1. In region 78-106, what count of residues is obtained for those that are under 23 Å from A23 (Cα atoms) and either of a type in the set (A, V, I, L, M) or in contact with a Gly (Cβ under 6 Å, 6 or more places away or on another chain) (or both)?
2. Within region 25-34, does at least one residue satisfy the condition of being modelled with pLDDT of 85 or more, open to solvent by less than 90 Å² (accessible area, probe 1.4 Å) and of a type outside the set (G, A, S)?
3. Do you know which of the residues in region 1-24 that are more than 15 Å from G86 (Cβ to Cβ) and open to solvent by less than 100 Å² (accessible area, probe 1.4 Å) is farthest from the chain's Cα centre (by Cα)?
4. Output the residues belonging to region 80-103 that are in contact (Cβ under 8 Å) with a residue 60 or more places away in the chain and crowded, with 16+ Cβ neighbours inside 10 Å.
5. Filtering region 57-78 down to residues that are touching a helix residue (DSSP H, G or I) at 6+ places or on another chain (Cβ under 6 Å) and under 26 Å from Y8 (Cβ atoms), which residue is most open to solvent (accessible area, probe 1.4 Å)?
6. Kindly provide the set of residues from region 43-56 that are surrounded by 10 or more Cβ atoms within 10 Å (Cβ to Cβ) and of a type in the set (S, T, N, Q), ordered by number.
7. Of all residues in region 35-58, how many are within 26 Å of A88 (Cα to Cα) and at pLDDT 80 or above?
Amino acid sequence: MLMDKFGYVLSEIPALIFIVWFAVRYFQFRRRQKNQPSYSETDRQLLFGVPRQRPAKNAVYLRLALAIVAVTTIGVLEIVILAPLGAAIITASLLLTSTVIVHRLF
């Protein structure tokens, strides 16, 4: 039983590594096309900076609840549809769709 699971993990690792590698290279390619550095001061401020202003708590909780419902619903649909394709494909699609949903709502 353990060896079956280990074999499954070993077969999915290359697909996940390829997906991550492709995403990073695509990001770098798009930045180079626009003559931008791969990592800029704007990226640092976006990732580690202080928010400019805080929204009202009610709006944050409403958006958070909406994001949770949307990500859960889409996640279940993706798992049902993409389960035969493997864990790496499901992981990448869940990551991308969850990121887009949260980005759009916040």
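The values are calculated or read from the model by the stated rules, or taken from the named source; none is laboratory data. The structure presented is a predicted model; accordingly, all values stated were derived computationally and were not measured. As a convention, Cβ positions derive from the backbone with ideal geometry for all residues, glycine included, and neighbour counts pool all protein chains shown. Heads up: the accessible areas ignore ligands, DNA and RNA and are worked out on the full protein's heavy atoms, side chains in. Shrake-Rupley method; radii C 1.70, N 1.55, O 1.52, S 1.80 Å.
1. 17
2. yes
3. V24
4. The first filter runs over region 80-103 and keeps only residues in contact (Cβ under 8 Å) with a residue 60 or more places away in the chain, leaving 86-89, 91-92.
A87, A88, I89, T91, A92 - these are the residues of region 80-103 that are in contact (Cβ under 8 Å) with a residue 60 or more places away in the chain and crowded, with 16+ Cβ neighbours inside 10 Å.
5. Per the stated criteria, the residue is I74.
6. From region 43-56, those surrounded by 10 or more Cβ atoms within 10 Å (Cβ to Cβ) are 43-45, 49, 55; that's our starting set.
Scanning region 43-56 gives a single hit, Q45.
7. From region 35-58, those within 26 Å of A88 (Cα to Cα) are 38, 47; that's our starting set.
From what's left, at pLDDT 80 or above: 38.
Residues that pass the stated criteria total 1.
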